[in-house]
Amino acid sequence: MPKQEQGVFQDRYKVIPRTLIFVFEKSKILLIKGAPNKRLWANKYNGIGGHIERGEDILSAAKRELNEETGLTGGHFSLCGTIMIDVEEHTGITIFVYKVRNPLGSLIESGEGSLAWVAIDELGDLPLVEDLPTILPRIEDFNDGQAPFSAHYHYDPDGKLIIQFAEQI
């Protein structure tokens with residue numbers, strides 16, 4: 001379809017694409033504790049990730065982000081979920097969630113925060129980004145061949161995060 005027929009109009013809902021990567025190794029997960037000076041998620045634990053740049057496909061962006069923030073490369077990447085987040089009336093965020101096993105290399109710190117291998121059974125003891133307690137069990141249990149989860153996030157009038165999952169048929 002030609003570019004002019006893509007149906008891009010200024011009043012349509014638009015999304016900013018991002019990746020979110022969770023590396024698993026046995027009973028541990030690699031998380032990053034946001035640097036204290038970060039605007040988002042300062043001193044909170046989250047997965048690895050970031051924005052998808054113009055000209056990148058989603059998987060290449062996930063691999064780039066993993067390497068930039070951890071020094072790790074390769075591994076088996078599985079797309080295990082997508083999240084749509086309503087932020088403003090005409091703008092949202094789409095997150096492509098990956099589970100990674102068997103990456104190569106050694107961890108290298110970045111300015112994004114401190115990396116930590118965390119035992120899965122100790123996650124409840126950490127200050128996690130608010131949606132992680134809900135989505136991490138789905139990511140941990142994800143196996144190749146099953147359908148990725150699909151979630152929609154929005155905020156109630158008091159600013160509380162509401163998470164809804166689409167039913168798998």
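Computed from the coordinates by the stated procedures, all read-outs in this text should not be read as laboratory data. Not measured: the values here are computed from a predicted model. Cβ atoms come from the backbone with ideal geometry, glycine included; neighbour counts cover every protein chain shown.
Assorted remarks:
- The residue among Val87, Leu126, Ser110 whose Cα reaches farthest toward the positive pole of the charge dipole of the chain, with charges on the beta-carbon of Lys, Arg, Asp and Glu, is Ser110.
- Rounded to 10°, Cα long-axis angle of helix 58-70 versus longest principal axis of the chain: 40
- Global geometry of the range 71-124, whether rounded, prolate or oblate, following the gyration tensor of its Cα atoms and the 1.5 cut on a/c: prolate
- Mean residue ellipticity at 222 nm, helices only, the chain: -4000 deg cm²/dmol; runs of at least 4 DSSP H residues each add -39,500 (n - 2.57), and the sum is divided by the number of residues.
- Close amide H pairs (under 5 Å, H built 1.01 Å from N) link Ile16 with Gly92, Ile93, Thr94, residues at least 5 positions away or on another chain.
- ³J(HN,Hα), Karplus 6.51/-1.76/1.60, whole Hz, each residue of the range 119-126, x for Gly, Pro: 5, 4, 6, 10, 4, x, 8, 10
- Per-residue extension of 0.36 nm, minus the Cα-Cα distance of Asp11 and Leu107, leaves a gain of 30.2 nm for this segment.
- Ranked packing of 140-147, 3-10, most packed first, by mean Cβ within 10 Å: 140-147, 3-10
- Averaging the sequence gap over all C-alpha pairs within less than 8 Å and six or more residues apart, then dividing by the number of residues, gives the range 71-129 a relative contact order of 35 percent.
- Applied to the range 91-103, the Karplus parametrisation 6.51 cos²θ - 1.76 cosθ + 1.60 on θ = phi - 60° returns per-residue 3J(HN,Hα) values of 9, x, 10, 10, 10, 9, 9, 10, 10, 10, 10, 6, x Hz, with x for Gly and Pro.
- Pairs of Cα atoms farther than 25 Å apart, the chain, %: 34
- Here the spin labels are modelled as points 7 Å beyond Cα on the Cα-Cβ line, and at Glu68 and His51 they lie 0.9 nm apart.
- Phi-based couplings in Hz for the range 140-154 (Karplus 6.51, -1.76, 1.60; Gly and Pro marked x): 4, 7, 5, 10, 3, x, 8, 6, x, 6, 10, 10, 10, 10, 8
- Extension reserve of the Lys38-Trp117 stretch, reckoned as 0.36 nm per residue once the Cα distance is removed: 26.4 nm
- Pairs from the table (Lys14/Lys160; Lys14/Lys44; Lys3/Lys63; Lys26/Lys160) lying more than 25 angstrom apart at Cα are Lys14/Lys44; Lys3/Lys63; Lys26/Lys160.
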